[in-house]
Amino acid sequence: MLELELRRRGFDLGTVNAKEVEKTTAGKQEEILWAWENGHAHKMERALLSELPAHRTSIQESKELYEAILTRNDLDSLLSQEPYVSRTAVNYEALGSSFNEGNNQELETVFFDGIDGDRVVAEDLWIKLSWLSFNEDDKSVRFRFSFGVDFEEDVAKDTTRQQYAANLTELIFPESLLLTQNKELSSVFSTLFGTETPHFVERICYFNAPNGGAYLHHDRERGHAGVVYAQLTGCTYWLALPRQALAAEIQSFVDDCINGKRKWPESCNDEIRQQLQSATGSYSTL
């Protein structure tokens with residue numbers, strides 16, 4: 001067993017035990033199908049490692065793009081420079097950007113139209129750049145690629161625009177080809193879906209800063225099969241589990257804190273405690 005310490009945003013969150021995994025679990029069809037049908041993650045250890053060196057330059061460019069964002073450069077201006085402008089000019093028309101002053105988490109949204117020659121074939125594509133938390137010390141950001149009205153969960157209805165948005169991801173972050181062109185990953189999807197041509201859509205590129213990162217990730221929308229995640233540089237702990245297991249763990253945690261079996265963490269102020277108790281139906285006098 002490996003015992004891993006968890007620390008985020010200045011708070012110690014305890015430890016988790018992780019079993020050593022084999023070099024790869026691809027090909028074990030029974031394990032893959034069981035995990036899929038029961039909402040569990042299927043981990044493919046080192047599946048991308050052999051191809052990683054070929055994308056070293058792209059990964060370094062992405063790191064520099066992230067660092068430029070942190071120094072208050074706007075994304076629209078950065079993408080109008082090389083190496084990005086020559087990559088996108090053939091099939092995309094840049095339309096500028098917007099800044100949502102009412103959303104402290106959102107940094108900028110950059111807009112594109114997908115073009116085929118002189119024709120616009122995919123309107124209102126966007127890259128949404130946001131902070132991953134409201135903590136001022138957490139410099140984690142994400143780049144979301146999609147189109148149309150956000151949060152309507154209808155993107156799967158428009159296969160043309162979702163594919164143009166996905167292709168735009170590969171022009172800005174070419175290292176994402178590590179997933180979309182990976183033979184081992186394609187074998188897993190062939191087992192699950194009976195197809196060798198899965199479509200990787202609604203893509204998100206995370207830059208998790210040390211001691212920070214995303215609170216919760218669940219972006220499976222209507223018409224989508226599931227979520228694929230790859231760590232291409234650095235080290236991040238992802239706790240992947242079914243929603244039912246997460247809900248049960250939260251319920252157990254709140255009950256133990258109320259009953260005195262454990263202490264509320266320092267990060268849980270009165271407001272957060274009340275929210276947790278209300279969400280789980282557990283109450284006590286604070």
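Numbers for the structure displayed
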quantity: Close pairs (9 angstrom Cβ cut-off, 6 or more residues apart or separate chains): aromatic (F, W, Y) in the stretch 167-191, part of a helix (DSSP H, G or I) anywhere; calculated: F173/S58; F173/I59; F173/E61; F173/S62; F173/L65
quantity: Selected residue (criterion: modelled with the highest pLDDT) from residues of the stretch 169-197 that are in a loop (DSSP other than H, G, I, E, B) and buried (at least 17 other Cβ atoms within 10 Å of the Cβ); calculated: F173
quantity: Looking only at the stretch 246-286, and only at residues there that are in a helix (DSSP H, G or I) and touching a residue at least 24 places away in the same chain (Cβ under 8 Å), the one that is surrounded by the fewest Cβ atoms within 10 Å (Cβ to Cβ); calculated: A279
quantity: Test: residue in the stretch 198-208 that is over 23 Å from W126 (Cα atoms) and open to solvent by 40 Å² or more (accessible area, probe 1.4 Å); calculated: no
quantity: Filter result (out of contact with any Leu (no Cβ under 7 Å at 6 or more places or on another chain) and of a type outside the set (S, T, N, Q)) within the stretch 161-171; calculated: A166, L171
quantity: Within the stretch 63-110, considering residues that are polar (S, T, N, Q) and in a helix (DSSP H, G or I), the one least open to solvent (accessible area, probe 1.4 Å); calculated: T88
quantity: Considering residues of the stretch 49-59 that are more than 17 Å from the chain's Cα centre (by Cα) and under 20 Å from L171 (Cβ atoms) only, the residue most open to solvent (accessible area, probe 1.4 Å); calculated: R56
quantity: Qualifying residue in the stretch 131-149 (condition: part of a loop (DSSP other than H, G, I, E, B), aromatic (F, W, Y), open to solvent by 30 Å² or more (accessible area, probe 1.4 Å) and touching a residue at least 24 places away in the same chain (Cβ under 8 Å)); calculated: yes
quantity: Residues within the stretch 15-48 that are surrounded by 11 or more Cβ atoms within 10 Å (Cβ to Cβ) and either modelled with pLDDT of 80 or more or outside any loop (DSSP other than H, G, I, E, B) (or both), tallied; calculated: 19
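The values are calculated or read from the model by the stated rules, or taken from the named source; none is laboratory data. Everything quoted here is computed from the prediction, not taken from an experiment. Positions of Cβ are backbone-derived with ideal geometry, glycine not excepted, and every protein chain shown enters the neighbour counts. Heads up: the accessible areas ignore ligands, DNA and RNA and are worked out on the full protein's heavy atoms, side chains in. Shrake-Rupley method; radii C 1.70, N 1.55, O 1.52, S 1.80 Å.
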